[in-house]
1. Does the stretch 90-112 include one or more residues that are surrounded by 11 or more Cβ atoms within 10 Å (Cβ to Cβ), over 30 Å from Val51 (Cβ atoms), within 23 Å of the chain's Cα centre (by Cα) and among the β-branched types (Val, Ile, Thr)?
2. Right, Leu42: of a type outside the set (S, T, N, Q) and either in the same structural domain as Phe98 (by TED's automatic domain parsing) or exposed (fewer than 11 other Cβ atoms within 10 Å of the Cβ) (or both) or not?
3. I'm trying to understand the selection: among the residues of the stretch 21-42, which are touching a Leu at 6+ places or on another chain (Cβ under 9 Å) and within 22 Å of Asp196 (Cβ to Cβ)?
4. Show me the helices (runs of 4 or more DSSP H) found entirely inside the stretch 83-200 where at least 1 residues are under 30 Å from Val11 (Cβ atoms).
5. Which count do you get for residues in the stretch 138-167 that are surrounded by fewer than 11 Cβ atoms within 10 Å (Cβ to Cβ) and either closer than 27 Å to Arg123 by Cβ or among the aromatic types (Phe, Trp, Tyr) (or both)?
Amino acid sequence: MARILAIVAAVVCGLLVLADFFLVVPVIDALGAALIEGVLILAAFALILGVVNLLGVHTRMNGSPSARRYSAILLVALVVTLIVGLLHPASEQLTWIFDYLYFPLQATMGALLAFFLVSAAYRAFKLRSASAVILLVTSLVVLITQLPFSAALSPLLPAVREWIFAIPVTAGVRGILLGVALGTTATALRVLLAVDHPYA
């Protein structure tokens, strides 16, 4: 019985929010806004639960000394950022934390991706097919044209780079976005029609 009630509640709420996008009816608009606000409140509690879980996992850390050290750094950074954010929201101190701690760490993680990309490229670019050759040549052209001195090598390289980004890359991104949109729509329809019900 509880499973059926959960399925009915999910379908009704989903249909109400969907109807809110297409219909201009005051009652449906109010219900849709209330449901969306409820989702935001649930997301806030989920964030709090995630922080509590993070604190619990890293306070019980029983690994090596270096792992415990990293856990301590994580906990100190979390608590300091939380205190500064609660006491001084949108302040210079919080901006300093993001500008001089968070963004450099984010850039470092992004820079590490380059090494993983090189490793993946080494494995992927074994020229066994025509597609691999095209991928390798295109990657090398884009890599070379991203260098500051590429225009000095040949005046055609910037134009080639612009063409690659404007035509093949844009087409690929649009195909990916269309696939994501169709997959999201299919998943939403399966939930609305109670074919999938992971919540029950």
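1. So far as the stretch 90-112 goes, no, none of its residues is surrounded by 11 or more Cβ atoms within 10 Å (Cβ to Cβ), over 30 Å from Val51 (Cβ atoms), within 23 Å of the chain's Cα centre (by Cα) and among the β-branched types (Val, Ile, Thr).
2. yes
3. Leu35
4. Fully inside the stretch 83-200 and qualifying: 170-192.
5. Total satisfying the criteria: 2.
A quick yes/no check of all residues on (1) in the same structural domain as Val17 (by TED's automatic domain parsing); (2) under 30 Å from Ala2 (Cβ atoms); (3) aromatic (Phe, Trp, Tyr):
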{"site": "Ala152", "(1), (2), (3)": "no, no, no"}
{"site": "Leu156", "(1), (2), (3)": "no, no, no"}
{"site": "Trp163", "(1), (2), (3)": "no, no, yes"}
{"site": "Val180", "(1), (2), (3)": "no, no, no"}
{"site": "Ala188", "(1), (2), (3)": "no, yes, no"}
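The values are calculated or read from the model by the stated rules, or taken from the named source; none is laboratory data. Note that the structure is predicted; figures quoted are calculated from it, not measured. Don't worry about glycine lacking a Cβ; one is built from the backbone with ideal geometry, like all the others, and counts go over all protein chains shown.
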